[in-house]
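The values are calculated or read from the model by the stated rules, or taken from the named source; none is laboratory data. Predicted model only: the values in this text are computed from it and were never measured. Because the Cβ atoms are built from the backbone with ideal geometry, glycine has one as well, and the counts that use them run over all protein chains shown. In case anyone asks, the SASA skips ligands and DNA or RNA and just uses the protein heavy atoms, side chains included. Shrake-Rupley method; radii C 1.70, N 1.55, O 1.52, S 1.80 Å.
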Amino acid sequence: MRKLGAGAITALAVAGVAGDAWADDKALMGLSTEIPITVEDAAAIEKGDVSLKLRSTFDRLKLDGGRNRVNLDPEMEVGVANGLSLKANPAYRVGNADDTRQGDVKLSAEINLLEPKNGRLGISLEPLVDIPYGSGTMATEVGIIGRLTQPLGTSSRAPRLHVNLGWRRLIDPESDQRENRFLMVAGVNVAVGPATAVAFDILRDQQQERGKADNLVEVGVRHVIGDDLALGAGVGVGFGPDSPRYRVLVGVQRSF
C-alpha cells in the first residue's frame, strides 16, 4: 500500500507537468474535503453549487492484533447561501483492526466568515455532529472546527498557509474515553504546474481512548481536470507510540 500511494502521487505529478491546460485557480488551490491530505482551507463553495467527493484512507497500525484499517469517506456539500454550505458525510471503516465494521454519519455546516483572497486572511467555522453506527459500543460526538487560511501574496495562485483547530465532545463517554478531545493541523499548499499543486501538513488528532493520539506528517498532490474535477493522492508517516505506521490517502472531488 505504501508503494501504491507513492505511485499515485508520482502519476499525478507527471500528469500535471505534462498537461498544458490551466486549471481554475479556486479548484486548484482549494483544500476542501481533505483532498489530498487532512488539512483543509477556509474557503466555502458558492450558493447553489454542489460538491461531491469520495475519499479513502488506508492506515497500517502499530498493534498486536489486526493492523489494517480502510476508511471509506464519501461527502456531499451544498451551498445554501453566501458563505454557508451544508454537508453530509456517511463514513465507514473496514479491515481487521478493532475499530472496523463500524462508521459514523457526520452532519455539519461550513460557515465562511472571511474569504482568503487578495492576500487577506480567510476564516471559517464548521459546527458538527457525529452519529455512530455499526458494531461495537459507540457514542455520539458534537464539536466545531475552526480554519484559518493565509495567502502568501495577492495572486490567486500564491502559496497558502493553513491552520485547523478542532474540538469534539463525546456524549455519555465510557470510563476509559475522553469527554473532550482536540485536533490540531498546520499545513501549506503550493501550485507546481498549470493544473497541479502539492500540499504538506503535520497533525495531532486525539483519539476517544484516553492517552492516545495520532501524530502524522503528510504530503499529497492535487490535480485538476477541467474546472470541476479534482484528483488527490497522499501519504503520511506516523510518529509516536499510538500513531499509524503510515497512511495512504486517495480521493476524487466533482463540483457542479
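Tabulated data for the structure shown
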| item | result |
| --- | --- |
| Inter-centroid distance (Cα atoms) of region 118-172 relative to region 193-211, Å | 12 |
| Order by protection proxy (mean Cβ within 10 Å, highest first), peptides 206-212, 105-111 | 105-111, 206-212 |
| Taking only Cα atoms of region 138-256, radius of gyration then Dmax in Å | 16.9, 52 |
| Qualifying lysines (Cα of each under 21 Å from Cα of K26; at least 8 residues distant if same chain) | K47, K53, K87, K117 |
| Convex hull (Cα only) mean projected area of region 95-169, reported in nm² to one decimal | 6.6 |
| Accessible surface, the chain, averaged per residue in Å² (probe 1.4 Å) | 46 |
| Radius of gyration and Dmax over the Cα atoms of region 177-233, both given in Å | 15.7, 47 |
| Packing rank of 228-241, 24-37, where each peptide gets the mean count of other beta carbons within 10 Å, highest leading | 24-37, 228-241 |
| Rounded percent of accessible protein surface that carbon and sulfur make up, region 179-256, 1.4 Å probe | 61 |
| Mean projection area, nm², convex hull over Cα of region 68-207 | 9.8 |
| Computed over the chain, the ratio Rg/Rh where both radii use C-alpha atoms and Rh is Kirkwood | 0.95 |
| Over the chain: helical MRE at 222 nm, DSSP H runs n ≥ 4 each giving -39500 (n - 2.57), nearest 500 | -2500 deg cm²/dmol |
| Relative contact order [Cα under 8 Å, 6+ residues apart], the chain, whole percent | 23 |
